[in-house]
Amino acid sequence: MATSILSLQDFLSRDSNGLSYSTFFCPYCGQTHQVPIGEMRVGHLVEEIPHSLERILQHPPRKVQILFDRAIEEIIVEGVIRPLRQNGLNLSLLPAGQKGVLLDSETELGNQLALAVDDDTEILIGAGSGVICDLTKWVATRTHRPFLILGTAPSMNAYTSITATMTENDVKTSVLLNPADAVFLDVDIMVNAPMEMIHAGVGDLAARSICNADWKLSQFIRGGYFCPLPYEMTAENERQVHASARGIAHRDPRAITFLGEAILKSGLSMTILNGETSPSSGAEHVISHFWDLLTHTRHLPKNLHGTQVGVGTIIMLAFYEYMRKIDPGKIDPRQVVRHRPPVEDLLRENQVRYGKAAPIFNEVVKTKYLSDDALIDRIRWVQDHWEHLWNAVAPYAPSLASIREPLRQAGMPMSLSSVHRSKEDAIEALIKGPQYRSRYTLLDLAWEMGLFPEAAEAVLEMAGVLD
Ligand SMILES: [Zn+2]
Ligand SMILES: [Zn+2]
């Protein structure tokens, strides 16, 4: 593959397809960022698939297999399989799941599908949204096949990501897999996607306003790597999506196209960091992952990933505003140490609450729980650097109002009841979520400063998610 080397201005001004196979020497972080994907497009694209497959294989495809979810079989047959076969493509089917069942990207299912790939299949198409995208990456990586993703809903940002969220023994983990050779988001199909899936995409993108602030916060307090490029490279896309929020609510093709391009770019913002998900996943994703766990441990209803992330983002935007207003000087580090539960109590409590998943919590607790002296030092350091901290984080932390208003215009569900979660589920996510994920976020800082459980209630009020 030929790669082009870009300047900063050039890199930031290109759309996702313009970044195809590009290399960028980053003036911010000193690293080399690469885009390993050939084609990334939003438009009327089904008929262009055969040409794209030929470009990838460098000869006309002899045998292609298409992976899809039986839950949307008619849409895929009508919108994709029939036109491709009419085009003369030798296409056999690789269906997953069944009608009326919400499919999950289980590794076991992925392995079964990999076994069902025919020996003479040269290339795979994954036609669907989040779960099919993740499963196709898994199957293609395991069977060493190139693949094209045809996105059918603008519901999440992983199409152009080199990671996938896979579930094994009820636990979701992010795994590094081969990138797609081409990603097509078909507008004709996407405008007819269920509105809740369109909203989910808006919700997943909204995470940008929390996760980069969390990432910067983590670097400021604990050191480590940070690069502002992912935040910058998605700025214009966010502006376009927010400006066309009303159009999204009405399935306006232009607005859906903006949303699709924003989704491609957002995935790339993780891909250029070799799968580091920090620029697209902060505390709002911690909340969402914790709520996902409750579907297994307490059989709460499942929601779309992006829908939960959207609600989580609103809560965390309120949390940033809450934290900005506290007076850190009023916190007595010794009292925080005296009042916090001993680590043994936390480990026992997690065992009782989360059963099979408790070891994951407890591993995180053991790494995050500071010794008394270290915690006192941490709090004092944060107190001394309070204004510096907020100056560092401010460029990545927009106001609650500036994000909530466009989401409202897009018709997004933003209450806990819209994701079938109670106030208690939300408080638990804020306090226990950080013990389930190793990532350091504002929630960890709040815990270290002894602000829970009071902060949790106050933040939910501020966020306006309780009605
Ligand atoms: Zn960089
Ligand atoms: Zn996400």
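The values are calculated or read from the model by the stated rules, or taken from the named source; none is laboratory data. Because the structure is a prediction, the values reported are computed rather than measured. In this analysis, Cβ positions are derived from the backbone assuming ideal geometry, glycine residues included, and neighbour counts consider all displayed protein chains. The accessibility values were calculated without ligands, DNA or RNA, using every heavy atom of the protein model including side chains. Shrake-Rupley method; radii C 1.70, N 1.55, O 1.52, S 1.80 Å.
Accessible surface of the chain, 1.4 Å probe: 50 percent of it comes from carbon and sulfur atoms. Across the chain, the mean sequence separation of Cα contacts (distance under 8 Å, 6 or more residues apart), normalised by length, yields a relative contact order of 15 percent.
Give the value in nm², to one decimal: projected area of the alpha carbon convex hull of segment 193-283, averaged over all directions. List each step's numbers first, then the result.
On the way: hull surface 23.2 nm².
Mean projected area for segment 193-283: 5.8 nm², to one decimal.
Volume per residue for segment 106-204 equals 98 cubic angstrom (convex hull of Cα atoms). Annotation note: trypsin sites (Lys or Arg not before Pro) in segment 65-128 located in DSSP loop regions with a Cβ neighbour count of at most 12 within 10 Å are K99.
Express the accessible area of segment 274-463 per residue in Å², computed with a 1.4 Å probe while the remaining protein chains stay in the model.
Working: 7960 Å² over 190 residues.
Here the per-residue accessible area is 42 Å².
Taking the alpha carbon gyration tensor of segment 333-461, multiplying each eigenvalue by 5 and rooting it gives semi-axes of 27, 23, 12 Å, largest first. For segment 445-450, 3J(HN,Hα) computed residue by residue from phi via the Karplus equation (6.51, -1.76, 1.60; θ = phi - 60°) reads 4, 4, 5, 4, 7, x Hz, glycine and proline entered as x.
For the pair D372 and R246, a Förster radius of 51 Å applied to the C-beta separation gives a FRET efficiency near 0.45, rounded to the nearest 0.05.
Hey, could you get me the Stokes-Einstein D for the chain, Kirkwood radius over alpha-carbon pairs, 25 °C and 0.890 mPa s, rounded to whole µm² s⁻¹? Display every interim value, and only then the final one.
Values: Rh = 22.9 Å.
Approximately 107 µm²/s, per Stokes-Einstein.
Extending 7 Å from Cα along the Cβ direction at E74 and again at D384 yields two label points whose distance is 6.7 nm. Note on segment 4-193: Cα convex hull, mean projected area over all directions, 11.4 nm². The ratio of the alpha-carbon radius of gyration of segment 230-274 to the globular-protein estimate 2.2 N^0.38 Å is 1.19.
Ellipticity at 222 nm from helices only: DSSP H runs of n ≥ 4 in the chain, each -39500 (n - 2.57), divided by the residue count, give -15000 deg cm²/dmol.
Given 4 °C and 1.567 mPa s, how large is the Stokes-Einstein diffusion coefficient of segment 158-197 in µm²/s, with Rh as the Kirkwood radius over Cα pairs? Value of D from the Cα-based Kirkwood radius: 104 µm²/s. Percent of Cα pairs in segment 178-218 per distance bin of 5 Å, from zero to the largest separation: 6, 17, 14, 17, 19, 16, 8, 3, 0.
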